[in-house]
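Everything below concerns the one structure shown next.
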Amino acid sequence: MSLNLIKQRKRLSLHSRRRFIRRSSLLLSASLVTACQRSFQTRPFQASDNPAAIGDSEAQAQRLPPTPTCGDYSLTPSQTPGPFYSPDSPQRQSLLAADTVGTRLVVSGQVLTTDCVPLANSLVDVWQTNDKGEYDNTGNNFRGHQFTDAEGRYWLETVVPGLYPGRTRHLHVLVQATGRPVLTTQLYLPDEPENEGDFLFQRELLMTVHNADEGKQAQFDFVLP
Ligand code: FE
């Protein structure tokens, strides 16, 4: 065999090997893609896919309120002011006096737009009964107004309002942000036996309430149009 013929055969053999390797790689990649696609298409979703679900129970998930996201807030429903509103309440964050009787209740939250924009300097005016379910219609006991801070926050210290005939425990609130309509509404406490029988009670107006070292801590955000 001539030297030229040997070189030509070597070149051909090298060329065939390269073509074989290239074809094999292409085939392997194609099979891998198909296998992955098939696996994504057919494998059902499993609880273990969600790390948050591991060790979690459905019961626990049901106990937790949904986390509000910006743009997801719905407007706070309005309710009647009733006959006991007085327009000249003192500006203060605590409605407690030295001789106040009752379970301390701290209510805090924000005044927001439906897009979660905090409404600074909004008026939050609260009036309620004392621990025994009595309104002060001659003075300003359990009446007070304040203005939200730069982040739209308010903070109120009072007592858990008492019961009076026909009504469950509630706080009356008037909220007004600059250039927006007045919101008059009422706030309620969860797990009160009288809630269901109250003709004005609305679930959307329930505060989130926790027992604290001294009384109860409540949270409620007002959302204005
Ligand atoms: Fe009332």
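All of the numbers you see were taken from the coordinates with simple rules; none came from a lab. Quantities reported herein were computed from a predicted structural model and do not represent experimental measurements. Heads up, the Cβs are rebuilt from the backbone with ideal geometry, glycines too, and the neighbour counts pull from every protein chain shown.
Some observations on this one:
- Test: Val159 is within 13 Å of the ligand (Cβ to nearest atom) and within 23 Å of Pro90 (Cβ to Cβ): no
- Test: Leu206 is free of Cβ contacts under 8 Å to residues at least 40 places away in the same chain and over 18 Å from Phe84 (Cβ atoms): yes
- Of the residues screened, Val124 is not one that is out of contact with any helix residue (DSSP H, G or I) (no Cβ under 7 Å at 6 or more places or on another chain) and without any contact (Cβ under 8 Å) to a residue 60 or more places away in the chain.
- For the range 165-184, filtered to residues that are surrounded by fewer than 20 Cβ atoms within 10 Å (Cβ to Cβ) and β-branched (Val, Ile, Thr), the residue that is farthest from the ligand (Cβ to nearest atom) is Thr178.
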